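> Input: one structure, supplied below.
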Number of protein chains: 2
Amino acid sequence: MAPREQGEISRAKLIAAMTDVAREKGYHATRIEDVCAAAGVTKGSFFHHFASREDLGLAAAEAWRQNTGTLFAEAEFNHPARPLDRLLGYIAFRRAMLTGPVALYACYAGTVVAETYATDLPVYPVASAAIADHITFIARHTAAALQDCGQPPTRAHALSTFIQCTIQGALILAKAEGDATPALACLDELERHLKHELTPKRRNHDPRQAVLFEEP
Amino acid sequence: MAPREQGEISRAKLIAAMTDVAREKGYHATRIEDVCAAAGVTKGSFFHHFASREDLGLAAAEAWRQNTGTLFAEAEFNHPARPLDRLLGYIAFRRAMLTGPVALYACYAGTVVAETYATDLPVYPVASAAIADHITFIARHTAAALQDCGQPPTRAHALSTFIQCTIQGALILAKAEGDATPALACLDELERHLKHELTPKRRNHDPRQAVLFEEP
DNA sequence: GCTACCATACCGACAAGTCGGTATGGTAAA
DNA sequence: TTTACCATACCGACTTGTCGGTATGGTAGC
């Protein structure tokens, strides 16, 4: 194998190991040697590729931002014609991720943000941007769904923020409980909320008001 | 002042400082000397009162569980006659907490759980229990509200879990954003959801169905 | 032989925890 | 009331282990 290729592999392994270990142990508690062991490389190799521990954390955050962006952008749920179906597909997608150990579906960006928000570490703004990116991504679907049921897209950002909020909160509760059960329950509630808010209404919500026309 | 009293004061100061520093810097990143500085006591005094750093973290978790339990149990929002009003009062109470620096309204239990869930540190089960306690507390109100609108209380736990999920997620987003704005937006959405799910319905939801009786 | 890559031994800063000692106030016999 | 005694609380220099980071040397492809 060409040296260049081998180097890229080691680098990628270290980044992947960093995200895995940090999601399990937390960002600060992640030791370089833990990461090296998980990646199957030596410390010498580590410091060949990264200037410091923080440098790896930063690279991992950038990779996380990139990879999650691609993962969600290329997923199947983006394809249905009805915006609400795309959103519900997104929820189903998130639900399907909640299997196995909690560490494997935890969010590196959320973990980093929670531990570094009051510092000036360079990893913080990147992790924060990864979360903001994802909210923006969801907002395209919520905006379309709002349009689709005759509402202005004004609330798209708020709804998307709420979706991301639910995901992040669900992960905390999964960590508190030790498994995905509460997280799944939260996604159920979220789905209920979205269906109610984004189902095309005929006229208005008030059940006391008689409807005077036929369903299409 | 009697020595006993002075000792209690120092101990309490250390516990309070631990929760403050840990909510800002994270559990693992909190150094004993930081806590001592924040509490205005010396390291010698610290080790007189606590066997180890972890011992303080544990004591702080127990205190958090106790104090938050009391705080919410004794709050005004528990008093209105209609269960839904109590729940909305709870949301308003949470909203009112979201002022000042994020560290001051962050959740010590959530922080600890996120950083220690994969360890066997004794602080983890206590922090986890604090969260579980709070869900149980909310569940009394959601159960009553469900009853009040003619639904079985089966979903009370799921709804309460969702409420707690929203709170925890909102705190993560506040840390990501740097202020409470997204957290407030999430509470707005949550309130909408609760109002919709827990407003006593006359007959059913379907707007196409004419209502045949008067409002009380 | 030059360079990218990796391995191992090592260094030193930093923070947890120790320990000998001091200060303060309560208690009780003389 | 005085004094001896003791318990609690506190202080801070010191020890010790950990872990990020460095130095140095080795190997393999070009």
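Just so it is clear, none of the values below were taken in a lab; they were calculated from the coordinates. This is a predicted model, so every value here is computed, not measured. Don't worry about glycine lacking a Cβ; one is built from the backbone with ideal geometry, like all the others, and counts go over all protein chains shown.
> Per residue of chain B, what 222 nm ellipticity follows from adding -39500 (n - 2.57) for every DSSP H run with n ≥ 4, rounded to the nearest 500?
Details: 10 runs with 153 residues, N = 216.
The per-residue figure over chain B is -23500 deg cm²/dmol.
> Within a 10 angstrom radius of the beta carbon, how do A:F162, A:F93 rank from fewest other beta carbons to most?
Values: A:F162 31, A:F93 15.
Ranked by crowding around the Cβ, least crowded first: A:F93, A:F162.
> Which percent of the Cα-Cα distances in chain B go past 24 Å? Write down the numbers at each step before the final one.
Working: 11903 of 23220 pairs.
Summing the P(r) tail past 24 Å for chain B gives 51 percent.
> Please report the spacing between the Cα centers of the range B:78-127 and the range A:29-99 in Å, no decimals.
Rounded to whole Å, the Cα centres lie 28 Å apart.
> Go through A:K175/B:K43; A:K25/B:K175; A:K195/B:K175; A:K175/A:K195; A:K43/B:K25; A:K175/B:K13 and tell me which ones have a Cα-Cα distance over 21 Å in this structure.
Values: A:K175/B:K43 32 Å; A:K25/B:K175 19 Å; A:K195/B:K175 29 Å; A:K175/A:K195 27 Å; A:K43/B:K25 27 Å; A:K175/B:K13 29 Å.
Exceeds cut-off: A:K175/B:K43; A:K195/B:K175; A:K175/A:K195; A:K43/B:K25; A:K175/B:K13.
> Counting other C-beta atoms within 10 Å, which of B:S52, B:S128, B:S45 has the fewest, and how do the rest follow? Please list the in-between numbers first.
Details: B:S52 11, B:S128 22, B:S45 17.
By the 10 Å Cβ count, ascending: B:S52, B:S45, B:S128.
> Please identify the cysteines of chain B that lack any partner cysteine with a Cβ under 4.7 Å from their own Cβ.
Taking the Cβ cut-off of 4.7 Å, the unpaired cysteines of chain B are B:C36, B:C107, B:C149.
> Nearest to the axis that maps chain A onto chain B: list the chain A residue whose Cβ wins, with the distance in whole angstrom.
That would be A:G169, 1, residue then distance in Å.
> Give me a single rounded figure for A:106-116: the average over its residues of other chain Cβ atoms within 10 Å of their Cβ.
Details: counts 3, 1, 0, 2, 6, 4, 2, 6, 10, 9, 4.
What the average comes to for A:106-116 is 4.
> Taking the Cβ of each residue in A:V35, B:V41 as the centre, tally the other Cβ atoms inside 10 Å and list the residues starting with the fewest. Mind dumping the intermediate values first?
Values: A:V35 27, B:V41 19.
Starting with the residue having the fewest Cβ neighbours, the order is B:V41, A:V35.
> Residue by residue through the range B:158-174, what is 3J(HN,Hα) from phi via Karplus (6.51 cos²θ - 1.76 cosθ + 1.60, θ = phi - 60°)? Round to whole Hz and write x for glycine and proline.
So the Karplus estimates, Gly and Pro as x, are 4, 5, 5, 4, 5, 4, 5, 4, 4, 4, 5, x, 4, 5, 4, 5, 4 Hz.
> Take the Cα atoms of the range B:1-121, build their convex hull, and give its volume per residue in Å³. All intermediate terms of the calculation are to be shown ahead of the outcome.
Working: hull volume 16.3 nm³, N = 121.
Taking the convex hull of the Cα positions in the range B:1-121, it is 135 Å³ per residue.
> Moving on. Calculate the mean, over all residues of peptide B:180-187, of how many other protein chain Cβ atoms lie within 10 angstrom of the residue's Cβ. Don't skip to the answer; put the middle values down first.
On the way: counts 0, 1, 9, 2, 2, 8, 9, 2.
Partner Cβ neighbours, averaged per residue: 4.
> Cα-based Rg (one decimal) and Dmax (whole number) for the protein assembly as shown, in Å?
My reading of the Cα-based Rg and Dmax gives 23.8, 81 Å.
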